[in-house]
1. Which pairs break 27 Å Cα to Cα here: Lys49/Lys101; Lys54/Lys101; Lys46/Lys142; Lys121/Lys166?
2. I'd like the FRET efficiency for Ser113 and Asp154, computed as 1/(1 + (r/R0)^6) with the beta carbon distance as r and R0 of 22 Å, rounded to 0.05.
3. Loop only per DSSP, at most 15 neighbouring Cβ atoms within 10 Å: give me the chymotrypsin sites (Phe, Trp or Tyr not before Pro) in the range 63-171, ordered by residue number.
4. Hey, can you grab everything whose amide H is under 5 Å from the amide H of Trp63? Only 5+ residues off in sequence or another chain; H modelled, so Pro and N-termini drop out.
5. Placing +1 at every Lys and Arg Cβ and -1 at every Asp and Glu Cβ, with all other atoms neutral, what dipole size does the range 66-171 have around its Cα centre, in debye to the nearest 20?
6. Test of the criteria: in the range 117-171, which GluC sites (Glu not before Pro) are in a DSSP loop and have at most 16 other Cβ atoms within 10 angstrom of their Cβ?
7. Take Asp37 and Lys82, extend 7 Å from each Cα along the Cα→Cβ direction, and tell me the distance between the two endpoints in nm.
8. How about Lys171: which aspartates and glutamates have a C-alpha closer than 14 Å to its C-alpha, ignoring those fewer than 8 places off in the same chain?
Amino acid sequence: MKRRIFASLAAAALVALAAIPALPALAAGPPVGPAPDFSLNSNSGKPVKLSDYKGQVVMINFWATWCGPCRKEMPLLDSIYKQYKDKGFTLLGVNVEPDPKLATDFLKKLPVSFPVLYDVKSDVSNLYKVSGMPTTVFIDKKGNVRAVHQSYTDGDENEYMSNISKLMKEK
């Protein structure tokens, strides 16, 4: 008798749980809204401030030298940067390692034309709630975060270019 009651209660609980609508997953990365401003030293030796790019579409790519997908997408990011840089777009590569020499040595072997910034204390990574490498953030001309993309697999660059094109058409 106790088994039947237990089985009935368990079945009723499963039915009740199935009826509860699933909650949407929380998106990683910064919330959509104003992009947190920051200033970091760059590979040019000069500090770069995000707010200096207001009025442009900005793509921030958080990366590390130990990250395989980061290394794989780096030439693709450079190609995207070269394609759009004269059209009101910039790409900021933010290296997240505590020792900028790692990134500098890496960039000697795989040079890029976009600015690379050094987030040696992870202040900006924390500000943007970066939880994995690479993380790419798209910011519109008004300075608002509009999309966040985590990781990289072949073909993601098409999504990047679609986001950039869409944001560049906005006023």
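1. Lys54/Lys101; Lys121/Lys166
2. Using R0 = 22 Å, I get an efficiency of 0.50.
3. The qualifying sites are Trp66.
4. Correct list: Val94, Asn95, Val96.
5. Dipole about the Cα centre, nearest 20: 360 debye.
6. Glu170
7. A separation of 3.4 nm, rounded to one decimal place.
8. The reachable aspartates and glutamates, counting only those whose Cα sits under 14 Å from Lys171, are Asp140.
Any read-out appearing in this document is the output of simple, stated calculations on the displayed coordinates, not a laboratory observation. Everything numeric in this text was worked out from a predicted model, so none of it was measured. Neighbour counts are summed over all protein chains in view; Cβ atoms, including those assigned to glycine, are modelled from backbone coordinates with ideal geometry.
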